[in-house]
1. Across the stretch 168-196, what is the number of residues that are among the aromatic types (Phe, Trp, Tyr) and either in contact with a Lys or Arg (Cβ under 6 Å, 6 or more places away or on another chain) or within 16 Å of ligand 2 (Cβ to nearest atom) (or both)?
2. Out of (1) at pLDDT 95 or above; (2) surrounded by 19 or more Cβ atoms within 10 Å (Cβ to Cβ); (3) touching a Lys or Arg at 6+ places or on another chain (Cβ under 9 Å), what's the single condition that is false for residue 67?
3. Could you grab me the full set of residues in the stretch 160-176 that are touching a residue at least 60 places away in the same chain (Cβ under 8 Å) and in contact with a helix residue (DSSP H, G or I) (Cβ under 9 Å, 6 or more places away or on another chain)?
4. Do any residues in the stretch 137-151 that are closer than 17 Å to residue 121 by Cβ have Cβ atoms under 7 Å from those of residues that are modelled with pLDDT under 75, where the two are at least six apart or on different chains, and which pairs are they?
5. Which condition does residue 236 not pass, out of (1) more than 14 Å from the chain's Cα centre (by Cα); (2) under 16 Å from residue 54 (Cβ atoms); (3) within 14 Å of ligand 2 (Cβ to nearest atom), if it passes all the others?
6. Looking at the stretch 197-219 only, could you name the residues that are in contact with a helix residue (DSSP H, G or I) (Cβ under 8 Å, 6 or more places away or on another chain) and either among the hydroxyl-bearing types (Ser, Thr, Tyr) or more than 16 Å from ligand 2 (Cβ to nearest atom) (or both)?
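The values are calculated or read from the model by the stated rules, or taken from the named source; none is laboratory data. Quick caveat: nothing in here was measured; it's all calculated off a predicted structure. Cβ placement follows ideal geometry from the backbone for every residue including glycine, while neighbour counts extend to all protein chains displayed.
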Amino acid sequence: MSAVRGLDGEALLAQLREWAAAEGFSQIGVADVDLGSAEPGLLAWLHNGFHGAMDYMARHGLKRARPAELVPGTLRVVSARMDYLPESAPEGWQAIEWQRLAAPDQATVSLYARGRDYHKVLRTRLQRLADRLADAVGPYGHRVFTDSAPVLEVELAARSGGGWRGKHTLALHRDGGSMFFLGEIFVDLALPLTPPVDAHCGSCSACLTVCPTGAIVAPYRLDARRCISYLTIEHPGAIPEEFRVALGNRVYGCDDCQLVCPWNKYAQRARLPDFDVREPLGDATLLQLWAWDEAEFLRRTEGSAIRRIGFQRWQRNLAVALGNAWRVSGDAPLRDALHGRLEAADPLVREHIEWALAQRPLP
Ligand code: SF4
Ligand code: SF4
């Protein structure tokens, strides 16, 4: 029997699982802090510059792979996953998403971002979980992370049975696909470890083939600089022209490598109403979103992850998508809407509007 401060470790873990389920998590695992074997891959990724402008990734260097350096005293990492597929997603939701992507006048927002900002949701619930553990074992050292730059979240999940790393580099689970968030509690308690699960990508390479920008440069290797998720959310400044057509109507994030993944037929609906779709993000047109001024953008995205990118990047992304729609359909309202914002636009957005208008030669 493994003991944690004189308590039965396995019984404590069983309790933790129960509390986690009550907080809306679908699974928790416990990982060791020695992630040494992940370090060469991380260093090669950084060395290749695949992190793009996400300087914080390079800044933290190997601290990301060393939980005990990031939070001294850490002995274990509790890795938790929470499903986010909106409750309202019907059977065959992937087909609906593909249809939306094929409709140039529609705006596609990544599924995870259609509800409430997950950072706060997960953080609050992980902290409650940590507090319940303190009630059981007494005060202990811990720190909660959600989608935090210095943490190798997928690695920790994969090592503790939260799934395996898919060829698209996201965590993947037989019972839950990949439509889930990850969060961690670093603890200075020697909780019993939970074993990893086998990988089941097999000979599939659908995510590599489907990626519109060729961002998955090899199985398990993502060049973030080419990834639409990165380009529309993290990337500051101009979107490189070589990727603008491929961006299509994706205005915030990209789900293609997940939509195509066969394991996502097992994706679970969110248990929390926080991830319900906020209107109009589930079925907005580009013109509808383009009509928002900054005040409306801030109002509509209050409590949403989208707000983090700010109005300028939002307009930049929309301008590219409108340009793609204009090229395909030639619908005059698209051109007029782009023209309508040209004069008042700041230089960054203006350049994207000009690109958009140039997608179709004037008659
Ligand atoms: S999110 Fe989109 S662009 Fe990024 S790797 Fe997946 S399919 Fe490619
Ligand atoms: S699409 Fe295929 S290769 Fe890619 S993560 Fe899913 S199962 Fe693995």
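1. Residues meeting the conditions: 2.
2. (1)
3. 162, 163, 166, 168, 170, 171, 172, 173, 174, 175, 176
4. Partner pairs satisfying both residue conditions: 145/151.
5. Only one criterion is unmet by residue 236, namely (3).
6. 213
This table checks each residue for (1) among the hydroxyl-bearing types (Ser, Thr, Tyr); (2) touching a residue at least 40 places away in the same chain (Cβ under 8 Å); (3) under 25 Å from residue 322 (Cα atoms).
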{"site": "257", "(1), (2), (3)": "no, yes, yes"}
{"site": "263", "(1), (2), (3)": "no, yes, no"}
{"site": "267", "(1), (2), (3)": "no, yes, no"}
{"site": "270", "(1), (2), (3)": "no, yes, no"}
{"site": "274", "(1), (2), (3)": "no, yes, no"}
{"site": "289", "(1), (2), (3)": "no, yes, yes"}
{"site": "292", "(1), (2), (3)": "no, no, yes"}
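Results for (1) of a type outside the set (Ser, Thr, Tyr); (2) part of a helix (DSSP H, G or I); (3) within 25 Å of residue 15 (Cα to Cα), shown as yes or no for each residue.
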{"site": "45", "(1), (2), (3)": "yes, yes, no"}
{"site": "49", "(1), (2), (3)": "yes, no, no"}
{"site": "53", "(1), (2), (3)": "yes, no, no"}
{"site": "57", "(1), (2), (3)": "yes, yes, no"}
{"site": "64", "(1), (2), (3)": "yes, yes, no"}
{"site": "72", "(1), (2), (3)": "yes, no, no"}
{"site": "77", "(1), (2), (3)": "yes, no, yes"}
{"site": "81", "(1), (2), (3)": "yes, no, yes"}
